[in-house]
Amino acid sequence: MFMEDDITDVQDKKQEDFPFVKVIQDAMALLGWNASRLSKESGVSEATISRSLKGGRGMSGANHDKVIKALGLLKTIPIPTLQPRLIPVISWIHAGEFAEAANHWPVGVSGDGEPVYSYVKTGPHAFGLRVEGDSMLPRIMPGDIAIVDPEVRSDNGSTCVVYVNGETSIKFFWDHETEIVLKSMNDKYPDITIHKDSKVDFRVIGRVVDVRIKFF
């Protein structure tokens with residue numbers, strides 16, 4: 001069962017997986033350039049540059065060369081190589097059962113739909129959920145698939161699949177001293193506040209570590 005405003009989250013790839021990011025950032029700072037200026041000088045789209053600098057999907061070899069040439073760097077910065085992993089896609093009902101059983105989604109299970117590939121490093125029990133609703137618009141669209149890893153720690157501000165009184169949804173997660181606050185990206189949905197001394201059945205199923213975009 002899922003809430004009306006269920007939707008996915010945000011991709012979260014750490015910069016340490018991309019060894020050239022820090023070098024690029026330092027060179028930009030030295031030149032006083034932002035992503036827009038680097039895009040203009042290199043011919044690589046600003047969106048591609050911004051995504052890479054934030055720890056998202058790595059650049060292609062051609063774009064990598066254009067960027068380091070524009071910055072005046074030697075071609076000695078390694079291009080990240082990531083091997084895709086096949087992730088099972090399960091239903092929201094199974095996600096709820098996952099929470100009830102407090103067990104990980106079994107390794108190797110095919111899931112309820114076609115599996116998807118993810119380039120993000122995940123644990124063996126990661127699974128995908130197809131997004132429904134509009135609570136995370138405009139960043140995440142219905143039909144996208146959120147890759148959820150139950151073994152990754154859920155820090156404040158991270159996007160998580162949560163279980164509240166029998167319903168499963170995806171929210172921004174904030175853990176305060178006396179309460180848990182769940183937020184949507186879409187402003188039309190109010191925050192959900194759960195007091196820690198209440199009897200609300202709440203738990204975090206897993207953190208969203210990647211989003212596979214739906215192509216129309």
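Just a few scattered comments:
- Linear extension gain, I213 paired with S50, 0.36 nm per residue minus alpha-carbon span: 56.9 nm
- Two-decimal Rg/Rh across the stretch 110-216, once Rg and the Kirkwood Rh are taken from alpha-carbon atoms: 0.97
- In the stretch 108-211, the trypsin sites (Lys or Arg not before Pro) that fall in loop regions by DSSP, at most 12 other Cβ within 10 Å: R153, K188, K196, K199
- Residue-wise HN-Hα coupling along the stretch 156-165, computed from phi with Karplus coefficients 6.51, -1.76, 1.60 (Hz; x: Gly, Pro): 4, x, 7, 8, 9, 8, 10, 10, 10, 6
- Given their separation in residues at 0.36 nm each and the Cα-Cα distance between them, M141 and D197 gain 16.7 nm when the chain is fully extended.
Every number in this text was worked out from the coordinates using simple rules, so none of it is lab data. The structure displayed is predicted, hence computed values, not measured ones. Positions of Cβ are generated from backbone atoms using ideal geometry, with glycine treated the same way; all protein chains shown enter the neighbour counts.
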